[in-house]
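Asks: This is the structure, below, for whatever I ask next.
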Amino acid sequence: MSSWVPGADGSGFGVDHLPYGVFSRPGEEPRVGVRIADQVLDLAPVAAAEMLDVHRVLEARSLNPLMAEGRRVRESVRAWVVGLLSDESERDLVEPHLVPLTEVALHLPVEVADYVDFYASEHHASNVGRIFRPDAEPLLPNWKHLPVGYHGRAGTVVGSGTPVVRPCGQRRGDPAPTYGPSTRLDIEAELGFVVGTPSELGTPVPYDAFADHVFGVVGLNDWSARDIQAWEYVPLGPFLGKSFATSVSHWVTPLEALDAAWVDLPGQDPEPLPYLGPGATRGLDVDVEVAVNGEVVSRPPYRTMYWSPAQLLAHLTVNGASLRTGDLYASGTISGPEPDQRGSLLELGWGADDAFLDDGDEVVIRYAAPGTAGGRITLGEVAGVVEPART
Ligand code: CA
């Protein structure tokens, strides 16, 4: 399907993509928009002109009210927007509400409710195991039985482009721990999943209800201070080494735009327990690219993950924990089998002291996937510059 919007076809942001974001023009309140080519479609006034009730949730300053409407509304709004941007007869109605990206500010698209980060790449988990525990089995005994994860800090999830201040904290020292700016500031290239439809406390969400609850996908950088992390993480897991900032893309790609991107994951042995849907391990063929100061340092393939996004959701609710609209859960660092497919500087530099970020370094993570029209779609990028510590 093609669009009447100039430059849309083949841009990665055509009518086969249509990611949602929150934008504002100078002096105006933020509201929901859809990206097409290098423009934002201001949806609320178009919906109001067509007397659609949905215009109220499109006037919100986050995607949460729209996402809370559930899967049927998600699908019907998308079908409506596809029609607006592909049907030439809608041009007179829509064109006045297309705003160039250069004239808008983009905001954090989701009011993040709870945030969970997983550890679902076998290559990443094995690499980290080998770096930190060279004389032991790289994977711990539970790793292939459950998707390992932890609850992160929702309040420090920031939009792409937000500067990241180098965190201070405690590091292991000899003979005593020391305090100061992290000397091993790292990235983790991940994919994030945003929950739209909530679930009831006490009732697990089955793996096959993934598309009923997940609204869409964001790019995500889990900034990590390895020195702080290494000293604090035993026995309860990541804490201050992770919670200072997590960056997400401005654009949320709705699940429907990824219909052509589903692939079988590499396989699971031993077979996981029934609640994890053994045999139903479908992942996404998303190519990731990590650039530091403009130089591509890695190309991790998301299709090589061990645990699927549906399994992550089933596991995080299997104890009856409820989902809220705006919940965000992330894949964990995406690392492929090859050295140039590793999604963290820790792995790329194999633990060397000089492998990490300096003040002023800029990290950009980009994502692309097969689109439903036969080409490629470009998911939202995640950028951030490191600012000096505030001691
Ligand atoms: Ca992570």
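Asks: Per residue, how many Å² of accessible area does segment 19-97 show with a 1.4 Å probe?
Replies: Numbers: 3590 Å² over 79 residues.
Counting only protein heavy atoms, the per-residue value for segment 19-97 is 45 Å².
Asks: Report the Cα-based extents of segment 240-391 along its three principal axes, largest first, to the nearest Å.
Replies: Taking the Cα atoms of segment 240-391, the three principal extents are 48, 39, 32 Å.
Asks: Along the Cα→Cβ direction, 7 angstrom out, place labels at A211 and E137. What is the inter-label distance in nm?
Replies: About 3.7 nm, to one decimal.
Asks: Starting from 0.36 nm per residue, how many nanometres of slack lie between D92 and L52 once their C-alpha separation is accounted for? Mind showing how you got there, number by number?
Replies: On the way: separation 40, 0.36 × 40 = 14.40 nm, distance 1.79 nm.
Gain on stretching D92 to L52: 12.6 nm.
Asks: Residue by residue through segment 164-174, which ³J(HN,Hα) values in whole Hz follow from phi under the Karplus form 6.51 cos²θ - 1.76 cosθ + 1.60 (θ = phi - 60°), with glycine and proline marked x?
Replies: Calculated HN-Hα couplings, in order: 10, 7, 4, x, 9, x, 8, 10, 4, x, 10 Hz.
Asks: To the nearest whole percent, what portion of all C-alpha pairs in segment 20-107 is separated by more than 19 angstrom? Could the numbers behind the result be given before it?
Replies: Details: 1267 of 3828 pairs.
Considering segment 20-107, 33 percent of its Cα-Cα pairs are separated by more than 19 Å.
Asks: OK, next. For segment 144-210, just say rounded, prolate or oblate: build the C-alpha gyration tensor, square-root its eigenvalues into a ≥ b ≥ c, call rounded for a/c under 1.5, and beyond that prolate if a/b exceeds b/c, oblate if not.
Replies: Working: a/c = 2.82, a/b = 1.89, b/c = 1.49.
Note, shape of segment 144-210 comes out prolate.
Asks: Using just the Cα positions, wrap segment 163-272 in a convex hull and report its mean projected area in square nanometres, one decimal place. Provide the component values of the computation, followed by the final result.
Replies: Working: hull surface 42.8 nm².
Averaging across all directions leaves 10.7 nm² for the Cα convex hull.
Asks: Additional query: Using only alpha carbon pairs under 8 Å that are at least six residues apart, calculate the relative contact order of the chain and give it in whole percent.
Replies: Working: 986 pairs, mean separation 85.4, N = 391.
Dividing the mean separation by the residue count of the chain yields 22 percent.
Asks: Over segment 115-387, average the accessible area per residue using a 1.4 Å probe and give it in Å², no decimals.
Replies: On the way: 10860 Å² over 273 residues.
Heavy-atom SASA per residue in segment 115-387 reads 40 Å².
Asks: If you don't mind, another one. Would you mind getting me the FRET efficiency between A355 and L236? Use the beta-carbon distance for r and R0 = 41 Å, nearest 0.05.
Replies: FRET efficiency, A355 to L236: 0.95.
Asks: Would you calculate, for the chain, the mean residue ellipticity at 222 nm contributed by helices, counting each DSSP H stretch of 4 or more residues as -39,500 (n - 2.57) and dividing by all residues, to the nearest 500? Walk me through the intermediate numbers first.
Replies: Details: 10 runs with 71 residues, N = 391.
Dividing the helical sum by the residues of the chain leaves -4500 deg cm²/dmol.
Asks: Kirkwood hydrodynamic radius (Cα pairs, Å) of segment 115-387? Present the calculation step by step, with values, prior to reporting the outcome.
Replies: Numbers: mean 1/r = 0.0532 Å⁻¹.
One decimal place: 18.8 Å for the Kirkwood radius.
Asks: Within the accessible area of segment 30-134, what % is carbon and sulfur when the probe is 1.4 Å and the other protein chains stay in place? It would help to have the intermediate numbers written out before the result.
Replies: Values: 2250 of 4600 Å².
Its accessible area is 49 percent carbon and sulfur atoms.
Asks: In segment 115-387, what percentage of the DSSP-assigned beta bridges are antiparallel, given to the nearest 5?
Replies: Details: 45 of 53 bridges.
Around 85 percent antiparallel, to the nearest 5.
Asks: Modelled label-to-label distance, Y150 and A105, 7 Å Cα→beta-carbon offset: nm?
Replies: Spacing of the two 7 Å Cα→Cβ label points: 3.3 nm.
Asks: Now for a different question. Can you give the angle from 0 to 90° between the axis of helix 122-132 and the longest principal axis of the chain, with both taken from C-alpha atoms, to the nearest 10?
Replies: So the inclination is approximately 30 degrees.
The values are calculated or read from the model by the stated rules, or taken from the named source; none is laboratory data. The model shown is predicted, which means the values in this text are computed figures rather than measured ones. No Cβ is skipped: glycine too gets one built from the backbone with ideal geometry, and neighbour counts run over all protein chains shown. Just so you know, the surface numbers come from the protein's heavy atoms only, side chains and all, with ligands and any DNA or RNA stripped out. Shrake-Rupley method; radii C 1.70, N 1.55, O 1.52, S 1.80 Å.
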